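Okay, so here's the structure we're looking at.
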Amino acid sequence: MEIFGWLGSILLAVCGAPQAHRSFTQKQTVGIAPSFLWMWFLGEVLTLFYILFDKYSLPLVVNYAANIWFISVIIYYYYYPQKS
């Protein structure tokens, strides 16, 4: 059963990677609502704290930490777009 937790966490952890990569290569983020980004970011951070301090599970820690990284890249290029 643990394999399902790992597979699910890996898929959820990397689902933000395509948008983060696109934002990084284009140096901008177009069409994403800032409220979506901030709710996603805060949800990931708060859940990571919960997982770390109460219900530690390595697959979930990997998931939330990766998502926080990807969301941070997207937020950066949302607020600091660079024209190509």
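Bear in mind that the values in this text are calculations on the coordinates, not laboratory data. Predicted model only: the values in this text are computed from it and were never measured. Virtual Cβ from ideal backbone geometry, glycine too; neighbours counted across all protein chains shown.
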Kindly provide log₁₀ I(q)/I(0) values, in the same order as q = 0.14, 0.15 Å⁻¹, from the Debye equation applied to equal alpha-carbon scatterers of the range 1-49. -0.48, -0.54
Taking 0.36 nm per residue of separation between Phe36 and Ala65 and subtracting their Cα-Cα distance, the length gained on full extension comes to 8.6 nm
Quick one: length gained pulling Met1 to Ser72 fully straight, 0.36 nm per residue minus the C-alpha distance? 22.4 nm
Measuring from the longest principal axis of the C-alpha atoms of the chain, the long axis of helix 58-79 (C-alpha) lies at a number of degrees, nearest 10, equal to 10
Amide H contacts under 5 Å for Ile32, restricted to residues at least 5 apart in sequence or on another chain and with H modeled in the peptide plane, are none
Using all alpha carbons of the chain, what is the percent of pairwise distances in each 10 Å bin, ordered from the shortest bin to the longest? 18, 45, 26, 9, 1
Taking Cα pairs under 8 Å and at least six residues apart, what relative contact order does the chain come out at, in percent? 51
Measure off 7 Å from each Cα along the Cα-to-Cβ vector at Tyr80 and His21, then give the distance between these two points in nanometres to one decimal. 2.3
